[in-house]
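This report refers to the structure that appears directly beneath it.
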Amino acid sequence: MPALLTIVPFLVIGLVVLIAIGLIAVGFTNANQVDPLAERLAEYSAEQEISANLEDIEMSVPFTQRVILPIMQGIANITTQFTPQKTLEKTQQLLDLAGNPNGLTPPVVWTMRFMATFSLGIIMLILLGRRGAVWGVGGVLVGGFLGFFMPVMWLRSKAQRRQHAILKALPDALDLMSICVEAGLGFDQSMAKVHEKWENELALAFGRVIREIQVGKSRRDALKSMAESMDVPDVTSFVAAIIQADQLGVAISRVLKIQAEQMRIKRRQRAQEQANQAPIKMMIPMALLIFPTIYLVILGPATIQLYKSFFGG
């Protein structure tokens, strides 16, 4: 009983920290790209509902963004002092590849990693510490390892999904841009049309390029920044072709048409490659799950009959 009382505070602390991380993750997942407060203020001004005061509008913002996120930012400012600048830069690159989900920053990511490491380590210690010191130490190591790398694995998963979505949408986007340029629009206006018509990752990236050009950034630098934030070979080759055509004075419509055709061919080749890999990938579940079941159904009765014949009964 005394031993149980000593571990109760650690269990409560671990559960509280884990629940906080879960609430933060839910808030980041459900948060909008636009500031909710600014969006609600715009809606209220558009509808001329002047009677609503600022306090009511602030209270309508989700709890995660109103309370938890500022707390995380405060803790992040402390953890930044102990994190090397090079490590923060690598985390920022990973965030860029993931599309900067919900305005996350490198200090906040590292705060999430430290909190997940601490909470999972405590929980594993409580669950496995009763079996002995070796189990307790092993549980702390495993829980801390998982908690430390879970946010990074989540970001890498989002980056891979984003790159796949960009590869899938690129040929269609280039076709639309080619049609717009042939209709008389400029290159920037054709990118704006893609951003206006679609709501995928590529369209959002095009919209960011347009905004950067509008604030004074050159088209070349904006396109290079887009290619670096995606790390997709097809996008890199497309950006290089556009920059080279701009420097040499080649017609953009011709370049877009050629690039769209090449991207469609690459997409078809990737689909054929995945189709050819499907039989090989299917062998693993078939050999481990399906074939043993078939053998059991087919050979099971014969095995019983042989056993009865040789050993009787």
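Of the conditions (1) closer than 29 Å to Gln92 by Cα; (2) crowded, with 17+ Cβ neighbours inside 10 Å, Ser190 clears all except one; give me its number.
Of everything listed in (1) closer than 29 Å to Gln92 by Cα; (2) crowded, with 17+ Cβ neighbours inside 10 Å, Ser190 misses just condition (1).
Mind listing just one residue for me: the one in segment 200-232 that is farther than 17 Å from Phe187 by Cβ and of a type outside the set (A, V, I, L, M) and, of those, surrounded by the fewest Cβ atoms within 10 Å (Cβ to Cβ)?
First pass over segment 200-232, keeping only residues farther than 17 Å from Phe187 by Cβ: 200-201, 204, 215-216, 228-232.
Those left that are additionally of a type outside the set (A, V, I, L, M): 200-201, 216, 228-229, 231.
Values: Asn200: 16, Glu201: 18, Gly216: 6, Glu228: 14, Ser229: 19, Asp231: 15.
Going through the qualifying residues, I end up with Gly216.
Would you mention how many residues in segment 215-273 are among the acidic types (Asp, Glu) and not assigned by TED's automatic domain parsing to the domain that holds Ser178? If you could, list the steps in order and put the result at the bottom.
Within segment 215-273, the subset among the acidic types (Asp, Glu) is 221, 228, 231, 234, 246, 261, 273.
Still in the list and also not assigned by TED's automatic domain parsing to the domain that holds Ser178: 273.
Residues in segment 215-273 being among the acidic types (Asp, Glu) and not assigned by TED's automatic domain parsing to the domain that holds Ser178: 1 in total.
I'd like to know if segment 130-145 contains one or more residues that are within 27 Å of the chain's Cα centre (by Cα) and basic (Lys, Arg). Outline the logic, then answer.
The first filter runs over segment 130-145 and keeps only residues within 27 Å of the chain's Cα centre (by Cα), leaving 141-145.
Filter again for basic (Lys, Arg), leaving none.
There is no residue in segment 130-145 that is within 27 Å of the chain's Cα centre (by Cα) and basic (Lys, Arg).
Give the residues of segment 169-207 that are assigned to a helix (DSSP H, G or I) and among the charged types (D, E, K, R), sorted by residue number. First the steps, then the outcome.
So the first thing to find is which residues in segment 169-207 are assigned to a helix (DSSP H, G or I), and the list is 169-182, 187-197, 201-207.
Across segment 169-207, the qualifying residues are Asp172, Asp175, Glu182, Asp188, Lys193, Glu196, Lys197, Glu201.
Hey, Val250 hits all of (1) out of contact with any helix residue (DSSP H, G or I) (no Cβ under 7 Å at 6 or more places or on another chain); (2) part of a helix (DSSP H, G or I); (3) over 16 Å from Ile166 (Cα atoms) but one; which does it fall short on?
Condition not satisfied by Val250: (2).
Based on what the data block shows, is Gly103 buried (at least 19 other Cβ atoms within 10 Å of the Cβ) and on the phi > 0 side of the Ramachandran plot?
Working: buried (at least 19 other Cβ atoms within 10 Å of the Cβ): no; on the phi > 0 side of the Ramachandran plot: yes.
For Gly103, the condition - buried (at least 19 other Cβ atoms within 10 Å of the Cβ) and on the phi > 0 side of the Ramachandran plot - is not met.
Taking Trp154, is it crowded, with 16+ Cβ neighbours inside 10 Å, more than 20 Å from Pro233 (Cα to Cα) and among the hydrophobic types (A, V, I, L, M, F, W, C)?
Yes; evaluated as a whole, the condition is true for this residue.
When you check Ile126 against the structure, is it at negative phi and over 16 Å from the mean Cα position of the chain (by Cα), yes or no?
In short, yes.
Does any residue of segment 268-283 turn out to be touching a residue at least 24 places away in the same chain (Cβ under 8 Å), surrounded by 11 or more Cβ atoms within 10 Å (Cβ to Cβ), touching a helix residue (DSSP H, G or I) at 6+ places or on another chain (Cβ under 6 Å) and not in a loop (DSSP other than H, G, I, E, B)? Lay out the reasoning, then the answer.
Quick first cut of segment 268-283, residues touching a residue at least 24 places away in the same chain (Cβ under 8 Å) only: 270.
Those left that are additionally surrounded by 11 or more Cβ atoms within 10 Å (Cβ to Cβ): 270.
Now drop any that are not touching a helix residue (DSSP H, G or I) at 6+ places or on another chain (Cβ under 6 Å), which leaves none.
No - not one qualifying residue is present in segment 268-283.
Yes or no: segment 128-142 includes at least one residue that is surrounded by 17 or more Cβ atoms within 10 Å (Cβ to Cβ) and touching a residue at least 40 places away in the same chain (Cβ under 8 Å). Please lay out each step first, then the result.
Let us first name the residues in segment 128-142 that are surrounded by 17 or more Cβ atoms within 10 Å (Cβ to Cβ), namely 128-129, 136, 139-140.
If we keep only those that are touching a residue at least 40 places away in the same chain (Cβ under 8 Å) as well, we get 129.
Yes, some residue in segment 128-142 is surrounded by 17 or more Cβ atoms within 10 Å (Cβ to Cβ) and touching a residue at least 40 places away in the same chain (Cβ under 8 Å).
Could you list, ordered by first residue, the pairs with Cβ atoms under 9 Å in which the first is in segment 226-247 and under 10 Å from Ile166 (Cβ atoms) and the second is β-branched (Val, Ile, Thr) and surrounded by fewer than 20 Cβ atoms within 10 Å (Cβ to Cβ), at least 6 apart or interchain?
Met230/Thr236
Can you find, within segment 136-192, the residue that is nearest to Ala271 (Cα to Cα) among those that are assigned by TED's automatic domain parsing to the domain that holds Arg219 and of a type in the set (Ser, Thr, Tyr)?
So the residue we want is Ser178.
Just for segment 172-184: of the residues that are free of Cβ contacts under 8 Å to residues at least 40 places away in the same chain, buried (at least 17 other Cβ atoms within 10 Å of the Cβ) and among the hydrophobic types (A, V, I, L, M, F, W, C), which one is farthest from Asp234 (Cα to Cα)? Walk me through how you get there before you give the answer.
First pass over segment 172-184, keeping only residues free of Cβ contacts under 8 Å to residues at least 40 places away in the same chain: 172-173, 176, 179-180, 183-184.
Then drop every residue that is not buried (at least 17 other Cβ atoms within 10 Å of the Cβ), which leaves 172-173, 176, 180.
Next cut, among the hydrophobic types (A, V, I, L, M, F, W, C) only: 173, 176, 180.
Details: Ala173: 13, Leu176: 17, Cys180: 21 Å.
The selected residue is Cys180.
The values are calculated or read from the model by the stated rules, or taken from the named source; none is laboratory data. All of these numbers come straight from a predicted model, not from anything done at the bench. FYI the Cβ positions are ideal-geometry reconstructions off the backbone, even for glycines, and counts take in every protein chain you see.
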